[in-house]
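Worksheet: the structure to be examined is printed underneath.
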Amino acid sequence: MIFQRLADQLAEIGRRGLLRRRLVRESPQGPRIVVDGQDYLAFCSNDYLGLANHPRIVEAAVNAALRHGVGEGASHLLSGHSVVHERLEAKLAQFLEMPRALLFSSGYQANIGAITALVGPEDAIFSDALNHASLIDGVRLSRAQVVRYPHADLKVLKKALTDSRARARLIVTDGVFSMDGDIAPLPAMLDLCERHDAWLLLDDAHGFGVIGPEGRGTPAHFGLRSSRIVYVGTLGKAAGVAGAFVAGAAEAVETVLQRARTYIYTTAGPALLAAAVETSLQLIQGDEWRRERLRKLIATLKQELRGSESALASSDTPIQPLILGGNSAAVRASAALRERGILVPAIRPPTVPEGSARLRISLSAAHSERDVLRLAAALREVCPSGVATHA
């Protein structure tokens, strides 16, 4: 029976400690949320700047809904592309100091669409081993030759590029890696692109709005500008809204518009969300205090856990992973924190490699220092001795 096969598969997922269950949130996103009628201090969202419930952004969405409605009813290439979408694309390109930007309904669609539009069977992709699932799926769907290099291993990447005889070469990487919080070595990677006539597709989902001057992302963090960069940013994390975009050279972006199936064959996102992002972009650019507070909170958490068994992995971003190793250890620690009124998710394979299950702590500018001190105290209590940690 096919249903018995599914039941057996689900039972095996549970036996391995990999069964996932959803939290049902009853409040707006924020540093404190309500789940099952109970208030929690939350470190489990990507709302890094605390904008997901900002009153100005909410007001912009409401006003746009009254003017433009709530649905577009067509793809961008039919009648779904509104003046609000057009204006936001121009503002995103201007903000990033890139020639052009193209809106997508999600980061997953943007990554798959950009990769499959730019390369094909005669080309080669060089993909970091810890890339996000959307990048991995885009790589697979492209049907290009794939070289998967060890995480941030420039030596292996250089050799693979040197040996490649592909028509076109595309390096694919996260900007800020979503489970480890480290930043890709972009200057050296861009240098390799120049030497080997390659593109660099950068998924900056966790860098846009947070990293670099005015939140312009990881290229700006390193002071990089290059027509070889194809930049993918998401709008549902630091920007606090929803959607994504691809930015870069005009020829590259136009190619994505003309060829990306995830763009051509999907309904355009609501104009009200684009209007909300316009306001969010103003706050991202103008509210430097949000990034400054994040830096202070990151430093506070690191200081509080320094020298303890609850050592964090090396990260200077709002993503602060606490590596525990085993699945059961991560699940137990997350449950113990929840008993103390704190939500921190347990991340397990296949999201992370086997043996590296962890607590993924996400800090927000909406958190206070007192929130972080409370978290640190709880972590020292609940994390078992002898866990595998990174200095």
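The values are calculated or read from the model by the stated rules, or taken from the named source; none is laboratory data. Just so it is clear, the structure is predicted and the values come from calculations on it, not from any experiment. Note: ideal-geometry Cβ built from the backbone for every residue, glycine included; neighbour counts use all protein chains shown. To get the accessible areas, we keep the full protein, side chains included, count just its heavy atoms, and leave off ligands, DNA and RNA. Shrake-Rupley method; radii C 1.70, N 1.55, O 1.52, S 1.80 Å.
Annotations
- Per-bin percent of Cα-Cα distances, region 61-180 [5 Å]: 2, 10, 16, 16, 16, 14, 11, 7, 5, 3, 1, 0
- With the convex hull drawn around the C-alpha atoms of region 1-127, the volume per residue stands at 276 Å³.
- Scattering from region 178-264 was approximated by placing one identical point on each alpha carbon and applying the Debye formula without solvent; log10 I(q)/I(0) at 0.17 1/Å stands at -0.76.
- Loop-resident GluC sites (Glu not before Pro) (DSSP state other than H, G, I, E or B) in region 78-168 with no more than 15 further Cβ atoms inside 10 Å of their Cβ: E97, E122.
- Qualifying chymotrypsin sites (Phe, Trp or Tyr not before Pro) in region 257-329, DSSP loop, other Cβ atoms within 10 Å at most 16: Y265
- Between R67 and Q9, the contour length at 0.36 nm per residue exceeds the Cα-Cα span by 16.0 nm.
- Net charge dipole size for the chain [Lys, Arg +1 and Asp, Glu -1 on Cβ; Debye, nearest 20]: 620 debye
- Test item: Cα-centred dipole of region 271-385, Lys/Arg +1 and Asp/Glu -1 on Cβ, debye: 240 debye
- Estimated FRET transfer efficiency (E339, R261; beta-carbon r; R0 51 Å; 0.05): 0.65
- For region 279-347, carbon and sulfur atoms together expose 47% of the accessible surface, with a 1.4 angstrom probe and every protein chain in place.
- Alpha-carbon Debye profile of region 1-75, log10 I(q)/I(0) at 0.20, 0.23, 0.24, 0.27 Å⁻¹: -0.94, -1.03, -1.07, -1.15
- Gyration tensor over alpha-carbon atoms, region 274-353, equivalent ellipsoid semi-axes in Å: 30, 18, 13
- FRET efficiency, 1/(1 + (r/R0)^6) with R0 56 Å, evaluated for D137 and R370 via beta carbons: 0.85
- Candidates I125, S142, L157 compared by Cα position along the dipole of region 119-168: farthest toward the positive end lies L157, with charges placed on Cβ.
- Charges were assigned to the Cβ only: +1 to each Lys and Arg, -1 to each Asp and Glu. The resulting dipole of region 128-220 about its Cα centre is roughly 540 debye.
- Within straight-line cross-link reach of K237, lysines at Cα separation under 21 Å, skipping those fewer than 8 residues along the same chain: K91, K296
- Considering only N327, G113, A365, the residue lying farthest towards the positive end of the dipole of the chain is N327, judged by Cα position with unit charges set on Cβ.
- Take K159: with every protein chain present and a 1.4 Å probe, its accessible area is about 130 Å².
- Percent RCO, i.e. relative contact order, over region 222-303, from Cα pairs under 8 Å lying at least 6 residues apart: 23 percent
- Per residue, the solvent-accessible area of the chain (1.4 Å probe, heavy atoms of protein chains only, all protein chains present) comes to 46 Å².
- In this structure, V34 and A74 have a Cβ-Cβ separation that, at R0 = 41 Å, corresponds to a calculated FRET efficiency of about 0.65.
- When Rg and the Kirkwood radius Rh are both evaluated on Cα atoms of the chain, their ratio Rg/Rh stands at 0.97.
- Fraction of accessible area attributable to carbon and sulfur, region 17-63 (%, probe 1.4 Å): 48 percent
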